[in-house]
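What follows is a short report on a single structure.
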Amino acid sequence: MEKLVDRKQAPDWVKSELDRICSILEKNMIRFKTNFPSACATNGKYRIKKNDDWTNGFWTGMLWMAYEYTGKETFKELAYENLKSFEKRLEEHFILDHHDIGFLYSLSVGAGYRILKEEHWKDVLLRAADVLVSRFQERGGFIQAWGKMGEEKEYRLIIDSLLNLPLLYRASELSHDPSYKEKAEIHYQNVIKNIVREDYSTYHTFYFNKETGLPDHGATHQGFSDQSCWARGQAWAILGMPLHARISGEGMSKEERELYEKIVEYFETHLPVDKMPYWDLIFMDGDQPRDSSALAIVACGMLEMKNEKRAKEMLLTLKELASSKVDPQSEGLLLHGVYAYAEGKGVDEPNLWGDYFYMEALCRIYDPEWEPYW
């Protein structure tokens with residue numbers, strides 16, 4: 001296996017953070033064994049869970065990155081055991097009636113197939129893509145986010161879905177079946193056309209009329225209100241659009257690039273003075289919680305757009321204001337994340353996606369030739 005290589009003399013702090021991260025992961029591995037950490041921490045500690053949440057791929061993805069960075073077999077061995085769990089979950093269709101199949105399988109099985117080159121895992125990855133594509137609604141042209149298929153109150157897509165589409169493009173590439181890619185493209189276009197507001201903020205979710213398939217209305221699920229802009233939602237767009245441009249092979253049209261720049265500008269102009277976003281971009285000062293995970297996601301988006309300078313600035317903000325280095329007891333890599341504010345879930349705590357995207361961004365800077373697992 002070729003380890004990640006510091007090809008451009010990454011700043012010392014990048015290597016220092018990756019070394020720190022891998023030492024935390026080694027400690028966490030001892031505690032979690034073949035189980036998984038919960039989506040978010042409580043008082044800095046992740047609960048031990050079975051493979052039953054939408055976030056488990058982030059944990060396995062971090063193990064693969066740690067293996068590629070360090071070359072240590074212990075990371076690979078546990079990641080491989082995780083793959084068996086993901087295959088079993090697929091066989092049992094265990095809590096998979098949602099769109100987050102890409103978050104689960106791109107970062108676990110997809111990464112494993114790339115690294116191990118075992119044909120068995122290609123087959124598992126294609127079966128996962130089948131689960132995702134089965135949620136495509138022909139009437140409306142979108143992948144239904146949650147719930148029973150066709151249920152009226154769930155006849156919607158959500159902005160997070162942009163990160164699940166790479167699984168379908170990968171499936172088309174591996175199977176030579178264009179239908180995965182075709183459905184992904186239709187869904188992508190319907191996200192971009194409907195979920196971006198006139199001021200270039202975004203809705204979290206968007207509903208379609210079940211009878212006609214026509215666009216209906218935008219709403220939120222985790223943001224402050226239907227009219228506000230959930231920080232992590234805007235972040236999913238900032239990473240998801242250039243990721244789609246690269247993985248689909250379509251690139252960005254002039255119009256799409258202009259739209260993208262406006263979406264980024266909205267995010268940037270709604271940051272507080274210290275550049276760490278609040279959990280909803282309607283807030284720019286005060287006592288509201290921050291969401292470090294949103295900034296980590298955006299940093300990866302900047303790297304997709306080859307804007308390494310801005311990505312480094314964001315990562316330094318995270319290092320200075322949210323690195324768990326200041327709390328040696330924390331099992332997270334980043335402090336000050338928010339899962340679901342309205343539910344009081346994971347508020348001002350580490351979360352797995354914040355940890356994952358922080359590590360991914362650092363790996364991208366450390367070795368610019370390394371490709372993430374999407």
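What to note about this one:
- Pick from the stretch 166-191, criterion open to solvent by 10 Å² or more (accessible area, probe 1.4 Å) and aliphatic (A, V, I, L, M), ranking: nearest to residue 120 (Cα to Cα): 174
- Flag if residue 368 is touching a residue at least 60 places away in the same chain (Cβ under 8 Å), surrounded by fewer than 24 Cβ atoms within 10 Å (Cβ to Cβ) and under 15 Å from the mean Cα position of the chain (by Cα): no
- Selection of strands (runs of 3 or more DSSP E) fully inside the stretch 130-229 by the criterion of at least 1 residues being farther than 18 Å from residue 104 by Cβ and touching a Pro at 6+ places or on another chain (Cβ under 8 Å) returns 205-208.
- Given (1) out of contact with any helix residue (DSSP H, G or I) (no Cβ under 6 Å at 6 or more places or on another chain); (2) under 18 Å from residue 359 (Cβ atoms); (3) of a type in the set (A, V, I, L, M), index of the condition residue 63 fails: (1)
- Among the residues making up the stretch 1-48, those that are of a type in the set (Val, Ile, Thr), closer than 14 Å to residue 59 by Cβ and open to solvent by less than 70 Å² (accessible area, probe 1.4 Å) are 21, 24.
- Residue ID - most open to solvent (accessible area, probe 1.4 Å), chosen from residues in the stretch 256-298 that are in a loop (DSSP other than H, G, I, E, B) and acidic (Asp, Glu): 287
- Filter pass, residue 93 being on the phi > 0 side of the Ramachandran plot and not basic (Lys, Arg): yes
- Scanning the stretch 300-327 for residues that are surrounded by 15 or more Cβ atoms within 10 Å (Cβ to Cβ) and assigned to a loop (DSSP other than H, G, I, E, B) gives 305, 307.
- Residues satisfying the stated conditions in the stretch 279-306, i.e. touching a strand residue (DSSP E or B) at 6+ places or on another chain (Cβ under 6 Å) and either of a type in the set (Val, Ile, Thr) or at positive phi (or both): none
- Counted residues, the stretch 305-329 - those being in contact (Cβ under 8 Å) with a residue 60 or more places away in the chain and of a type in the set (S, T, N, Q): 3
One line per residue, one yes/no per condition, for (1) at pLDDT 95 or above; (2) in a loop (DSSP other than H, G, I, E, B):
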position	(1), (2)
329	no, yes
332	yes, yes
342	no, no
353	yes, no
356	yes, no
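- Given (1) crowded, with 18+ Cβ neighbours inside 10 Å; (2) more than 22 Å from residue 257 (Cα to Cα), number of the condition residue 211 does not satisfy: (1)
- Condition met for residue 224 (among the aromatic types (Phe, Trp, Tyr) and at pLDDT below 95): yes
- From the list 70, 60, the lone residue that is under 17 Å from the mean Cα position of the chain (by Cα), β-branched (Val, Ile, Thr) and surrounded by 15 or more Cβ atoms within 10 Å (Cβ to Cβ) is 60.
- Listed by position, the helices (runs of 4 or more DSSP H) enclosed by the stretch 16-111 that each have at least 2 residues that are free of Cβ contacts under 8 Å to residues at least 12 places away in the same chain are 73-92.
- Members of the stretch 38-62 that are among the polar types (S, T, N, Q) and either in contact with a Gly (Cβ under 6 Å, 6 or more places away or on another chain) or under 22 Å from residue 364 (Cβ atoms) (or both): 55, 60
The values are calculated or read from the model by the stated rules, or taken from the named source; none is laboratory data. All of these numbers come straight from a predicted model, not from anything done at the bench. Virtual Cβ from ideal backbone geometry, glycine too; neighbours counted across all protein chains shown. With ligands, DNA and RNA removed, areas are computed over all heavy atoms of the protein, side chains included. Shrake-Rupley method; radii C 1.70, N 1.55, O 1.52, S 1.80 Å.
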